[in-house]
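Report on the structure given below.
The values are calculated or read from the model by the stated rules, or taken from the named source; none is laboratory data. Just so we're clear, the structure is a prediction, and the values are computed from it rather than from any experiment. Positions of Cβ are backbone-derived with ideal geometry, glycine not excepted, and every protein chain shown enters the neighbour counts.
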Amino acid sequence: MFNTKYDVAVIGLGAMGSAAMMAVAKRGYRVCGIEQFHTAHARGSSHGQTRIIRKAYFEHPDYMPLIDRAYEAWQALGSEINENLIHTTGMIVSGPPNSDCIRGVEACYDAHPLPHDKLKAGESRRYFPQFSFPDNFIVYHDPLAGYLQPEKCVSAITAMAVQNGAHPFVNETVLSWQNLPDHVEITTNIRTIAADKLVVAAGAWAHGLLAIPGLHLDIWRKPVFWYTSSHIHDYQTSFPIFFVEFDGGGFYGFPAIDESGLKVAEHTRAELVAHPDELDREPGPDDEAPILNFLDRMLPDFIPQRTQFSVCMYTMTADGHFILDRHPKYKNIVVGAGFSGHGFKFAPVIGEVLADLALNGATDVPVDLFGINRLIKG
Ligand SMILES: Cc1cc2nc3c(=O)[nH]c(=O)nc-3n(C[C@H](O)[C@H](O)[C@H](O)COP(=O)(O)OP(=O)(O)OC[C@H]3O[C@@H](n4cnc5c(N)ncnc54)[C@H](O)[C@@H]3O)c2cc1C
């Protein structure tokens, strides 16, 4: 009935699933991955030119051991493929003294000896004249932050997995899975796959595929804009990544790395999506106003001309932290989900964790924060 029985099958080959597939393949196990679209597609959560990687993690101190490993893992993968994957630009984090991001980075700098500069809004104009922060804003500069290119990274990870013997089945949709006494049976629109272990890394589709009673994941629609300007060269190589808490929102952006220009989006705004297949991919009337207001107030000389628009999805847990755990009912099923809009930078580490949990049932990476039971209600 089956051509091959796999040690591990992975559902979803975005950032996390492809990294899990690579990690399993590199350990010499038989692994396949199933992806409903093509490699590095733009319909999930791992696309859109750039992703921030940064050392000063304001979300929670427990990410710090993972972030060090993530830098190492991206550098190691880059060495293997002879390409630099982390593009260091430095990053500004700014907001009023009591804002979440400022309190978060300060807690992080208090606890960890990380290089950084703290500037008052007026001083920052000397170094970053493009910004016009209000006088009460504090500005932190993280010189180690930079960006990853998600499409390039997912393609490189998938290629590395294949080089190590993995079988990716792309343009193929998992319709269901069933945990039988001696294996997991995965039914796609094309074939039936048997595996000892299953990793579910299905991004915004995870909730439906897992169907765990009491587990709820919200999907947020995230519009992203690119702009050029008559003096775009001021926003290119010497311009930092930024995250600014302003007007009740968290706005972030990247330097112009090609002709599409400066990329800007709002991290905080939540627009719920009922199902990922129903995501509205067109710009809506309310999408751009907060971004233009932000640019007008913080980068007043920019004078934006829109070049590009994209939509992506955050898969949110109730507390904004990941799920990296075994299924509450089946120990041979592993869940990597709920990356809540900040998972990409950790992808190779998460791949290792998912491989550890699938193959060994445990991991030496500290993942206590990411247990699934904390999110199961009722
Ligand atoms: C706009 C935006 C900006 C972000 N910025 C950052 C950032 O700066 N830094 C950072 O670290 N993180 C960032 N993130 C978050 C990060 O990109 C995500 O956490 C990460 O990419 C999620 O990866 P994933 O593998 O879980 O999901 P996905 O990449 O969506 O992968 C899931 C895959 O599963 C597949 N799939 C689902 N169901 C099935 C099925 N039934 N059969 C077959 N295949 C299936 C999907 O097609 C998809 O390819 C951002 C996210 C967005 C949307």
**Request:** Quick one: Arg269 ticks every box in (1) part of a strand (DSSP E or B); (2) within 12 Å of the ligand (Cβ to nearest atom) except a single one, so which number is it?
**Result:** (1)
**Request:** Would you please name the residue that is farthest from Gly33 (Cα to Cα), looking only at residues in segment 330-345 that are outside any loop (DSSP other than H, G, I, E, B) and in contact with a Ser or Thr (Cβ under 8 Å, 6 or more places away or on another chain)?
**Result:** Phe344
**Asked** So, of the residues in segment 1-12 that are crowded, with 19+ Cβ neighbours inside 10 Å and over 16 Å from Arg191 (Cβ atoms), which turns out to be farthest from the ligand (Cβ to nearest atom)?
**Response** Val8
**Message:** Quick check on Ile190: is it part of a loop (DSSP other than H, G, I, E, B), within 30 Å of Leu359 (Cα to Cα) and within 14 Å of the ligand (Cβ to nearest atom)?
**Reply:** yes
**Thr88 β-branched (Val, Ile, Thr), within 15 Å of the ligand (Cβ to nearest atom) and surrounded by fewer than 19 Cβ atoms within 10 Å (Cβ to Cβ)** = yes
**Top-ranked residue in segment 101-135 [being surrounded by 14 or more Cβ atoms within 10 Å (Cβ to Cβ) and among the acidic types (Asp, Glu); ranked as nearest to Gly146 (Cα to Cα)]** = Asp117
**Prompt:** Any residue at all in segment 191-212 that is hydroxyl-bearing (Ser, Thr, Tyr), closer than 27 Å to Leu262 by Cβ and surrounded by fewer than 20 Cβ atoms within 10 Å (Cβ to Cβ)?
**Reply:** no
**Message:** Within segment 213-222, does at least one residue satisfy the condition of being outside the structural domain of Arg103 (by TED's automatic domain parsing), over 23 Å from Ala42 (Cα atoms) and touching a Ser or Thr at 6+ places or on another chain (Cβ under 7 Å)?
**Reply:** no
**Asked** Out of all the residues in segment 247-254, is one or more within 14 Å of the ligand (Cβ to nearest atom), assigned by TED's automatic domain parsing to the domain that holds Pro223 and over 21 Å from Met91 (Cα atoms)?
**Response** no
**Prompt:** Just checking, how many residues over segment 268-278 are buried (at least 17 other Cβ atoms within 10 Å of the Cβ) and at pLDDT 95 or above?
**Reply:** 2
**Asked** Going through segment 89-104 one residue at a time, which ones are in contact with a Phe, Trp or Tyr (Cβ under 8 Å, 6 or more places away or on another chain) and closer than 19 Å to Glu123 by Cα?
**Response** Met91, Ile92, Val93, Ser94, Gly95, Pro96, Ile102
**Complete:** Of the residues in segment 223-236 that are touching a residue at least 40 places away in the same chain (Cβ under 8 Å) and surrounded by fewer than 20 Cβ atoms within 10 Å (Cβ to Cβ), the one that is farthest from Ile102 (Cα to Cα) is Ser230
**Message:** Tell me yes or no: at least one residue of segment 58-70 is among the charged types (D, E, K, R), outside the structural domain of Leu175 (by TED's automatic domain parsing), farther than 15 Å from Gly351 by Cα and within 14 Å of the ligand (Cβ to nearest atom).
**Reply:** yes
**Request:** State whether one or more residues within segment 347-354 are of a type in the set (Asp, Glu), closer than 23 Å to Lys222 by Cβ and within 16 Å of the ligand (Cβ to nearest atom).
**Result:** no
**Request:** Could you check segment 81-166 for helices (runs of 4 or more DSSP H) lying wholly inside it with 1 or more residues that are of a type in the set (D, E, K, R) and within 23 Å of the chain's Cα centre (by Cα)?
**Result:** 100-111, 150-163
**Selected residue (only one of Phe294, Phe302 is more than 18 Å from Val8 (Cβ to Cβ), assigned to a helix (DSSP H, G or I) and more than 12 Å from the ligand (Cβ to nearest atom))** = Phe294
**Request:** Answer yes if at least one residue in segment 40-54 is within 16 Å of the ligand (Cβ to nearest atom), touching a helix residue (DSSP H, G or I) at 6+ places or on another chain (Cβ under 8 Å), of a type in the set (Lys, Arg) and part of a helix (DSSP H, G or I), and no otherwise.
**Result:** no
**Item:** Every pair of residues 6+ apart whose Cβ atoms lie under 6 Å, when the first sits in segment 125-154 and is without any contact (Cβ under 8 Å) to a residue 40 or more places away in the chain while the second is more than 16 Å from the ligand (Cβ to nearest atom)
**Value:** Asp135/Ala121
